Amino acid sequence: MSWRDFWNADTPIYVNDRHKILHYRLVARDIAALVPSPEAVVLDYGCGEALSARRVAAACGRLYLCDGAPLVRERLEERFAAEPKIVVLSPEAIDAIAPASLDLIVVNSLLQYLSVEEFGDLLGLWRERLKPAGRLVLADVIPPDASALDDARALLGFAWQGGFLGAALVGLARTTLSEYRTLRAELGLTHYSEGEMIETLRERGFVPERRPSNLGHNQGRMTFLARPVLFQR
Ligand SMILES: C[S@@+](CC[C@H](N)C(=O)[O-])C[C@H]1O[C@@H](n2cnc3c(N)ncnc32)[C@H](O)[C@@H]1O
């Protein structure tokens, strides 16, 4: 099984519905805060179920939701069929987005599931689709020293605040025995140090900076903002 197969099914990542709802609510709030104008064209790449995408759509002119898993896209299409501002896309369909037409691309909690080569290819694609003044936001990037224990601690903090601590404790025990744990041990997750990420983004024609806080609940992970370099020598 690959990470792609894993995401094309119901995953044990969320301990219950409340966890999933609160997670997507928080992510949507943070993405909406990054939208530069009410007319902005936004791409949420690797969006997952994006339960609160209406909040982002309300803040922008058009919202593209792109996910690699057909099952996830089916659910998105069903959920947002009546939303004129939301367009659901497969990664292959990104070609249909005109070059230099996006104001904001957000990639939250995806890079750990991609190889360094896949990430490099996507950086090229994203850069091409961004307007000269557009911004790429890479969030929930896992630093090399972060462990599954750090993720568990962050989840428990989120669960405590969100009123689902009991379910989180049960969920953590379940995840330990789940496919996710086996896959994490077998396939691993891709980590980046702050320096590696800054360097990679510079090499790919961006002006990067690390944001002081991460998107979502896990502040042990990192978020980077990157603007296309306008004049390359
Ligand atoms: C951890 S989830 C993150 C979902 C969402 N961004 C969030 O913040 O909760 C990763 C998502 O990325 C999708 N994905 C994995 N590989 C992908 C790829 N190469 N291109 C597009 N989406 C991908 C998966 O199907 C999954 O829905």
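Read the figures in this text as sums done on the coordinates, not as results from a lab. For clarity, every value in this text was computed on a predicted model and none was experimentally measured. Cβ: placed from backbone, ideal geometry, glycine included. Neighbour counts: every protein chain shown.
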request  = Count, please, the residues in segment 178-210 that happen to be touching a residue at least 40 places away in the same chain (Cβ under 8 Å) and assigned to a loop (DSSP other than H, G, I, E, B).
outcome  = 9
key: Residue under evaluation ARG4, criteria (1) part of a helix (DSSP H, G or I); (2) free of Cβ contacts under 8 Å to residues at least 60 places away in the same chain; (3) within 12 Å of the ligand (Cβ to nearest atom); (4) surrounded by fewer than 16 Cβ atoms within 10 Å (Cβ to Cβ), criterion not met   = (2)
note = Scanning segment 118-145 residue by residue, those touching a helix residue (DSSP H, G or I) at 6+ places or on another chain (Cβ under 7 Å) and among the β-branched types (Val, Ile, Thr) turn out to be VAL141, ILE142
task = State which residue is nearest to the ligand (Cβ to nearest atom) when the search covers only segment 38-61 and only residues that are in a loop (DSSP other than H, G, I, E, B) and acidic (Asp, Glu).
result = GLU49
query = Mind checking which residues of segment 7-49 are without any contact (Cβ under 8 Å) to a residue 40 or more places away in the chain, within 18 Å of VAL107 (Cβ to Cβ) and more than 17 Å from the chain's Cα centre (by Cα)?
reply = none
inquiry  = One residue is enough: does segment 120-127 have a residue meeting the conditions under 22 Å from LEU183 (Cβ atoms) and surrounded by 20 or more Cβ atoms within 10 Å (Cβ to Cβ)?
reply    = yes
